[in-house]
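Taken together, the values in this text are just the output of simple stated rules run on the coordinates, not laboratory data. Being a predicted model, the structure only gives us computed values, none of them experimental. Using ideal geometry, Cβ is built from the backbone for each residue, glycine included, and neighbour counts are taken over all protein chains shown.
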Amino acid sequence: MGKGKLIVLTGPSGVGKGTLLRSLLKRHPDLYLSISVTTRPPRPGEIPGKDYYFVTRLEFERMVANGELLEWAEFAGNYYGTPRTPVLEHIRQGKWVILEIELEGARQIRQTFPEALRIFILPPSLPELEDRIRKRGKDSEEAIVRRLNRAQEEIDAAAEFDIQIVNDNFDKALERIEETLFATAAC
Ligand code: 5GP
């Protein structure tokens with residue numbers, strides 16, 4: 001059995017983390033993607049238990065109080081968190097576990113899991129990011145403004161991460177993520 005590993009993928013909303021991850025998981029089905037808990041309402045097409053576990057604020061606060069979350073943060077008015085048990089269990093089984101989380105959560109993981117590999121995905125530019133979020137058409141104007149304000153803050157923190165990858169070309173960005181993961185396989 002191989003050695004378990006924790007991988008953190010962070011980057012501003014709309015940068016294309018989700019699409020990159022879906023392709024990565026298709027190519028490497030042995031990777032395990034952690035499913036987060038959120039108080040955000042589901043977007044059209046999102047499936048409970050697959051994209052997120054959608055919960056009420058009360059339920060989320062109960063999970064925090066019970067220590068059920070490995071990390072959690074408030075983002076654009078909603079709570080998001082990583083259920084602790086499945087992550088630890090998969091790492092124990094020797095799996096490589098991926099967390100797709102925002103900056104505050106990534107900082108918490110840096111404290112609790114200093115050995116985690118932390119990757120930051122950058123947009124080619126801020127106007128390009130805004131364009132992508134608007135074209136996605138899944139957020140209200142208020143949510144878009146909140147996400148863009150937060151995006152600049154996150155981009156400013158990119159240097160805190162082990163690796164920064166610019167998503168200006170999908171295939172190249174995916175390749176760089178793979179190189180990063182598999183080059184460190186022996187660590
Ligand atoms: P979205 O609402 O677009 O699905 O996600 C908003 C942000 O929350 C994204 O940056 C995403 O990476 C982050 N996020 C998703 N799940 C978690 C989580 O469990 N913990 C933290 N800290 N952030 C998360």
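Before moving on, here are some points about what is shown:
- Listed residues 64, 25, 12: farthest to the positive end of the dipole of the chain (Cβ charges): 25
- Annotation: lysines with alpha-carbon distance below 17 angstrom to residue 135 (same-chain offsets under eight excluded): 17.
- Remark on residue 164: its backbone amide H falls under 5 Å from those of 120, a criterion applied only to residues 5 or more positions apart or on other chains, H modelled at 1.01 Å from N.
- For peptides 94-103, 14-23, sequence by mean Cβ density within 10 Å, most packed first: 94-103, 14-23
- Helix-only arithmetic for the chain: the sum of -39500 (n - 2.57) across DSSP H runs with n ≥ 4, divided by the residue total, places the mean residue ellipticity at 222 nm at -13000 deg cm²/dmol.
- Comparing 30, 51, 168 in a Gaussian network model of the chain where C-alpha atoms under 10 Å apart are linked, the largest mean-square fluctuation is found at 30.
- Highest-first arrangement of 151-157, 136-142, where packing means the average Cβ count within 10 Å: 151-157, 136-142
- Segment 1-144 - share of DSSP beta bridges that are antiparallel (%, nearest 5): 35 percent
- Added length on full extension, which subtracts the Cα-Cα distance from 0.36 nm per residue, residue 57 to residue 136: 25.8 nm
- Net +/- balance of residues flanking residue 104 in space, Cβ distance below 11 Å, scoring K and R +1, D and E -1: -2
- Normalised by 2.2 N^0.38 Å, where N is the number of residues, the C-alpha radius of gyration of segment 56-160 stands at 1.21.
- Summarising the amide proton neighbourhood of residue 53: residues at separation of 5 or more, or on other chains, whose placed amide H is nearer than 5 Å comprise 36, 37, 38.
- One compactness figure for the chain is 0.99, namely its Cα radius of gyration divided by 2.2 N^0.38 Å.
- Note on the chain: with a GNM built from Cα contacts shorter than 10 Å, the maximum mean-square fluctuation among 58, 24, 69 falls on 58.
- The label point for residue 35 and the one for residue 128, both projected 7 Å from the Cα toward the Cβ, are 3.3 nm apart.
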